[in-house]
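**Student:** Have a look at the structure that comes next, please.
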Amino acid sequence: MTRIGVFDSGLGGLTVLRELAKTNKSQYFYFGDSLRVPYGGRSEEELRRFSVDIVDFLEKFSIDYYVIACNTLSVTVTDFLREKYKKKFIPITDLALRACEKYQGKFLVLGTETTVNSHFYKKNLEKNPNTTVYEVAASKLVDLIEDDKKDDEKLNEYIDSYIKIAKEKKIENILLACTHYPIIRDKIERRLDYKANIIDPAIFLSESLESASDNLDINIFMSKKTPATENLIPKLIDFPYKLNYLKENL
Ligand code: DGL
């Protein structure tokens with residue numbers, strides 16, 4: 001059975017694993033770094049080091065190829081990891097670009113500070129001269145999700161400030177360029193006062209991979225047990241899975 005490694009800074013990548021599991025039966029090994037989340041805003045050196053910790057851990061399972069679920073890691077360490085491990089790494093950002101090709105008009109990219117500062121999406125999407133891309137670092141959302149505070153009123157206030165430009169300019173397409181945001185997609189949709197296309201790259205990714213097996217086997221490794229991991233993992237993953245914590249504290 002094909003063994004696919006999927007990793008992210010924390011819980012967010014489970015939105016990618018969820019979509020993959022729906023359409024592609026395989027053996028999955030997911031690593032979420034709930035101990036060191038957030039990754040957004042960290043230095044490239046740190047992100048390289050963290051990604052090596054993760055991939056070294058996953059390599060024990062004879063992984064055939066990797067999906068870098070995290071946008072922040074995708075824009076900073078993809079080439080580094082390919083060079084170091086000589087393996088296939090699929091960054092979610094490439095799939096996100098392909099997903100965007102289906103849409104026309106203006107785009108709002110919501111991502112971490114690191115993703116936004118890389119201007120990966122702006123540079124690539126604006127190769128199409130008819131496209132204008134606005135970028136907003138929605139930095140406060142990840143912590144609230146990882147702290148299990150996604151029903152906090154503060155979350156709505158932050159969302160309102162991040163989508164203000166979308167409302168003003170009636171931006172047709174909103175790219176969820178961070179794996180954590182699909183977890184609060186319904187809230188983002190509710191705060192908009194018009195209908196926009198909300199693009200979740202994970203759905204496009206899962207449509208692009210071929211189902212490799214008749215069996216689905218999901219192994220989840222989280223570097224720390226937290227209230228949010230306990231609460232959200234069963235809600236996010238609707239398939240049988242084995243969950244392991246590297247550090248047992250709540
Ligand atoms: N979920 C990650 C991403 O897709 C990063 C969130 C964070 O840890 O700051 O960019």
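**Student:** If you keep only loop residues by DSSP, which GluC sites (Glu not before Pro) in region 155-250 have at most 12 other Cβ atoms within 10 Å of their Cβ?
**Tutor:** Listed in order of number, the matching sites are GLU210, GLU248.
**Student:** Which value, in nm² and rounded to one decimal, describes the direction-averaged projected area of the C-alpha convex hull of region 194-248?
**Tutor:** Its Cα hull, projected and averaged over all orientations, spans 6.0 nm².
**Student:** So which chymotrypsin sites (Phe, Trp or Tyr not before Pro) in region 125-210 are both in a DSSP loop and have at most 16 other Cβ atoms within 10 Å of their Cβ?
**Tutor:** Counting only loop positions with at most 16 other Cβ atoms within 10 Å, the chymotrypsin sites (Phe, Trp or Tyr not before Pro) in region 125-210 are TYR194.
**Student:** Evaluate region 122-250: find the radius of gyration of its Cα atoms, find its Kirkwood radius, and give the ratio Rg to Rh. Can you show the working numbers first?
**Tutor:** Values: Rg = 17.5 Å, Rh = 17.1 Å.
My calculation puts Rg/Rh at 1.02.
**Student:** Highest GNM mean-square fluctuation, the chain, Cα pairs closer than 10 Å: which of THR179, THR112, THR229?
**Tutor:** THR229
**Student:** Now for a separate question. Over region 164-250, how many pairs of lysines fall under 23 Å by alpha carbon, counting only those 8 or more apart in sequence or from different chains?
**Tutor:** Summing the qualifying lysine pairs gives 17.
**Student:** What residues qualify as long-range amide H neighbours of VAL67, i.e. H under 5 Å apart, gap of 5 or more or another chain, H built at 1.01 Å from N?
**Tutor:** When sequence neighbours closer than 5 places are left aside, the close amide H contacts are GLY5, VAL6, PHE7, ILE90.
**Student:** Separation between the VAL52 and THR2 pseudo-spin-labels, each 7 Å from Cα along Cα→Cβ, expressed in nm?
**Tutor:** Spacing of the two 7 Å Cα→Cβ label points: 2.9 nm.
**Student:** At LYS140 and GLN104, where each label point lies 7 Å from the Cα along Cα→Cβ, what is the point-to-point distance in nanometres?
**Tutor:** 3.7 nm
**Student:** What are the ³J(HN,Hα) couplings of region 93-109, residue after residue, when phi is run through the Karplus curve with 6.51, -1.76, 1.60 and θ = phi - 60°? Round to Hz, x for glycine and proline.
**Tutor:** Here the 3J(HN,Hα) series is 5, 5, 5, 5, 4, 5, 4, 5, 4, 6, 10, 10, x, 7, 10, 10, 9 Hz.
**Student:** Here's another thing I want to ask about it. Give the angle, between 0 and 90 degrees and rounded to the nearest 10, that separates the Cα long axis of helix 14-23 from the longest principal axis of the Cα atoms of the chain.
**Tutor:** So the inclination is approximately 80 degrees.
**Student:** Translational D (Stokes-Einstein, µm²/s) of the chain at 20 °C and 1.002 mPa s when Rh comes from the Kirkwood sum over C-alpha pairs?
**Tutor:** Numbers: Rh = 18.2 Å.
Diffusion coefficient, whole number: 118 µm²/s.
**Student:** Ok, one more. When only alpha-carbon atoms are used, what values of Rg and Dmax, in angstrom, describe region 7-60?
**Tutor:** 12.2, 35
**Student:** A further question on this structure: To the nearest 20 debye, what charge dipole does the chain have about its Cα centre, counting +1 at the Cβ of each Lys and Arg and -1 at the Cβ of each Asp and Glu? Intermediate results must be reported in sequence, preceding the final value.
**Tutor:** Details: 38 positive and 39 negative charges, 72 e Å.
With only Lys, Arg, Asp and Glu charged at Cβ, the dipole is about 340 debye.
**Student:** Let me have the 222 nm mean residue ellipticity of the chain computed from DSSP H runs of 4+ only, each contributing -39500 (n - 2.57), with the sum over all residues rounded to the nearest 500.
**Tutor:** The helix contribution divided over the chain gives -12500 deg cm²/dmol.
**Student:** Using the heavy atoms of the protein chains and a 1.4 angstrom probe, tell me the accessible area per residue for the chain in square angstrom. Mind showing how you got there, number by number?
**Tutor:** Working: 11060 Å² over 250 residues.
On a per-residue basis, the chain sits at 44 Å².
**Student:** Also, I was wondering about something else. Choose one of ALA196, PHE239, THR131: the residue whose Cα lies farthest towards the positive end of the charge dipole of the chain (beta-carbon charges +1 Lys, Arg; -1 Asp, Glu; about the Cα centre).
**Tutor:** Towards the positive end, the residue furthest out is THR131.
The values are calculated or read from the model by the stated rules, or taken from the named source; none is laboratory data. Just so it is clear, the model here is predicted, and its values are computed rather than measured. Every residue, glycine as well, gets a Cβ built from its backbone with ideal geometry; the counts of neighbours run over all protein chains shown. Remember, those area values only see protein heavy atoms, side chains included, never the ligands or the DNA or RNA. Shrake-Rupley method; radii C 1.70, N 1.55, O 1.52, S 1.80 Å.
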